[in-house]
1. Which of the residues that make up region 55-69 are aliphatic (A, V, I, L, M) and either free of Cβ contacts under 8 Å to residues at least 24 places away in the same chain or under 20 Å from Pro38 (Cβ atoms) (or both)?
2. Looking only at region 43-53, count every residue that is touching a helix residue (DSSP H, G or I) at 6+ places or on another chain (Cβ under 8 Å) and within 13 Å of Ile4 (Cα to Cα) and tell me the total.
3. Could you tell me how many of the residues in region 21-42 are in contact with a helix residue (DSSP H, G or I) (Cβ under 6 Å, 6 or more places away or on another chain) and over 18 Å from Val76 (Cα atoms)?
4. Suppose we filter region 14-55 for residues that are out of contact with any Phe, Trp or Tyr (no Cβ under 9 Å at 6 or more places or on another chain), of a type outside the set (A, V, I, L, M) and closer than 16 Å to Gly81 by Cα; how many remain?
Amino acid sequence: MLTIEPLDAGRGFRLAGDLDLATVPSLTQALEPALQQPGDLLLDLADVGFIDSSGLRALIQTAMALRDQQSTGRLVLASPGPSVLRVLDLAGISRVDAIDIRL
């Protein structure tokens, strides 16, 4: 299960739960309108407990969509917990130029 809530301020979403094969479609659907707007998009990952390869792929695809906009937006991944951060590190997400990880 994944809960997706818009942030109170700024452009982004707060995620809570697991980001996996079962929940990626919900995330993709929620992000679609935001991808039509220019600039950075923030995802607060503080309450995400698990991410799998399909979740990683969704994050990378989102970042690429933002980068391809004329505004060269970035995907900002804020406050990932230790287990999620470990998966992001192992996958080399920090090497994707359109992704910014903020602890």
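Where a number appears in this text, it was derived from the coordinates with a stated rule and is not lab data. Nothing here was measured: the structure is a model prediction, and the numbers come from that model. Reconstructed Cβ throughout: ideal geometry from the backbone, glycine too, with neighbour counts over all protein chains shown.
1. Looking only at region 55-69, we keep the residues that are aliphatic (A, V, I, L, M), and these are 56, 58-60, 63-66.
Those that are aliphatic (A, V, I, L, M) and either free of Cβ contacts under 8 Å to residues at least 24 places away in the same chain or under 20 Å from Pro38 (Cβ atoms) (or both): Leu59, Ile60, Ala63, Met64, Ala65, Leu66.
2. 3
3. The total comes to 1.
4. The first filter runs over region 14-55 and keeps only residues out of contact with any Phe, Trp or Tyr (no Cβ under 9 Å at 6 or more places or on another chain), leaving 14-16, 21-26, 28-29, 32-33, 35-40, 45-55.
Narrowing the set further to residues that are of a type outside the set (A, V, I, L, M) leaves 14, 23, 25-26, 28-29, 32-33, 36-40, 47, 49-50, 52-55.
Right, trim to closer than 16 Å to Gly81 by Cα and you get 14, 47, 49-50, 52, 55.
Within region 14-55, residues that are out of contact with any Phe, Trp or Tyr (no Cβ under 9 Å at 6 or more places or on another chain), of a type outside the set (A, V, I, L, M) and closer than 16 Å to Gly81 by Cα number 6.
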